[in-house]
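The values are calculated or read from the model by the stated rules, or taken from the named source; none is laboratory data. Quick caveat: nothing in here was measured; it's all calculated off a predicted structure. Glycine gets a Cβ as well: all are built from the backbone with ideal geometry, and neighbour counts include every protein chain shown.
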Amino acid sequence: MHLYIAYKNYSSWSLRPWIAMKMASIEFEETVLPFYHSNALDKLAERYQIPAQVPVLVEDNTIIWDSLAIMETLAEQYPDRNLWPQESGLRVLARCAAAEMHSGFMTLRSTCPMNCRKQKRLTDEKLALIEGDLIRLAELWEHFDRANKPEGDFLCGKFGIVDAMYAPVMWRIVGYGLDVSPAFSKWATAMQALPAMQEWLAAAQDEEWTIEAYEAYGEDV
Ligand SMILES: N[C@@H](CCC(=O)N[C@@H](CS)C(=O)NCC(=O)O)C(=O)O
């Protein structure tokens, strides 16, 4: 199984299946395709006739070219890893929140691009723009707080796909010094402390590439 991803410092969609696979102890090989610095991603896309985007998971003749589709497929392939919660009501909540991330939070995503190795601060004008998304995050975390779920630090107790979908949001909130809610902060602390997340961060810090377009967001602290 081979996971194609991009810059660990910047590629939020890459982080999602990568951390889900690490947390579920699914073995894989990985290749980083730095699409601002090489045409290797275009070549991969041409070869498989898919969009020139990461993440892409290749297993034998199966090509999966979307983060959520990758994790859904893995949840089917590895039912014992509980990538979705077992209890159906909790699973519905997890699926809704994962889908909401996949198709929403556009303002937060476009205003605060993931930049794991930097601390940034936003102007008041930019902060006002993302206020609605921060309120929505707090509301979502309240849904999970009210849910009947097993013990644990993550949204459904144990780490699962829904946590993986929000993993880059942790870097956005922490990196831009934003405040969501105490429940969110507790989750973010647990997420950041994961050995797999620290492994991702160390690799991001070691990367030689810089993308000026992403560095231009916010003021460096
Ligand atoms: N819907 C896709 C989105 C993937 C996506 O936007 N990936 C970005 C990197 S984080 C990308 O590959 N960008 C390459 C480009 O736009 O040239 C998914 O969930 O996998």
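Conditions (1) in contact (Cβ under 8 Å) with a residue 60 or more places away in the chain; (2) closer than 27 Å to Met21 by Cα; (3) touching a Leu at 6+ places or on another chain (Cβ under 6 Å), marked per residue:
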residue	(1), (2), (3)
Ala128	no, no, no
Arg146	no, no, no
Cys156	yes, yes, yes
Met170	no, yes, no
Problem - Residue in the range 1-28 that is nearest to Ala203 (Cα to Cα), counting only those that are buried (at least 24 other Cβ atoms within 10 Å of the Cβ) and charged (D, E, K, R) - result: Lys8
Exercise for the section: Might you let me know whether the range 182-202 holds any residue that is crowded, with 20+ Cβ neighbours inside 10 Å and either modelled with pLDDT under 95 or touching a Pro at 6+ places or on another chain (Cβ under 9 Å) (or both)? Expected result: no
Fill in the blank from the handout: Exactly one of Cys116, Cys112 is more than 18 Å from Trp18 (Cα to Cα) and not basic (Lys, Arg), and that residue is Cys112
